[in-house]
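Before any comments, here is the structure.
The values are calculated or read from the model by the stated rules, or taken from the named source; none is laboratory data. This structure is a prediction, so every number in the text was calculated from the model and none was measured. Glycine gets a Cβ as well: all are built from the backbone with ideal geometry, and neighbour counts include every protein chain shown.
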C-alpha cells in the first residue's frame, strides 16, 4: 500500500508504505462486521500483504487460559484485558487504524481504542 502508484495501478516500490490496521470482530462472531472486515483485509492484502494488520475485538486467549472465556462475567473481564493489552502493544506499528463499531455501548468501547494510538489523527497528513 504505497502512497503512489505507477501507470497501470501497480505500487511504486520506492514509495513510502502506509501501514493499516483494522480493528473489528473476528469471524468467531459471525456477523456483518466480521464478514466485511475479513473481506476488506483479504482485498487489502492482495494489494500489499505486509502493510495490513487485523486486531480482533474478541481475541482468543492462548492455551489453557481459553477456559476462562467459558465462564460468564469472567470472560468479559479477561477478554477486555487481552484486547486492551493487544491494542497498547500493537497499534504503534500502524499509520492508520480503522475501527469497526456498532451502536450503543460497543460504539463507546471500540472507538476508545483509537485513544491508545501514539499520535492523534490531526497530525497525519496525506502526501
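The table that follows gives values for the structure above.
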item: Selection status of residue 119, surrounded by 11 or more Cβ atoms within 10 Å (Cβ to Cβ) and at pLDDT below 90; result: no
item: Odd one out for residue 101 among (1) outside any loop (DSSP other than H, G, I, E, B); (2) at pLDDT below 90; (3) surrounded by 16 or more Cβ atoms within 10 Å (Cβ to Cβ); result: (1)
item: Residue among 51, 24 that is within 18 Å of residue 97 (Cβ to Cβ) and modelled with pLDDT of 90 or more; result: 24
item: Unique match (being at pLDDT below 90 and either under 13 Å from residue 22 (Cα atoms) or touching a strand residue (DSSP E or B) at 6+ places or on another chain (Cβ under 6 Å) (or both)) among 45, 66; result: 45
item: Any chance residue 35 is surrounded by 14 or more Cβ atoms within 10 Å (Cβ to Cβ), within 16 Å of the chain's Cα centre (by Cα) and at pLDDT 90 or above; result: no
item: Subset of region 1-21 [in a strand (DSSP E or B) and either at pLDDT 90 or above or closer than 19 Å to residue 89 by Cα (or both)]; result: 20, 21
item: Flag if residue 68 is under 22 Å from residue 93 (Cα atoms), more than 13 Å from the chain's Cα centre (by Cα) and without any contact (Cβ under 8 Å) to a residue 40 or more places away in the chain; result: no
item: Condition broken by residue 53, with the remaining ones in (1) assigned to a helix (DSSP H, G or I); (2) within 20 Å of residue 92 (Cα to Cα); (3) touching a helix residue (DSSP H, G or I) at 6+ places or on another chain (Cβ under 9 Å) satisfied; result: (1)
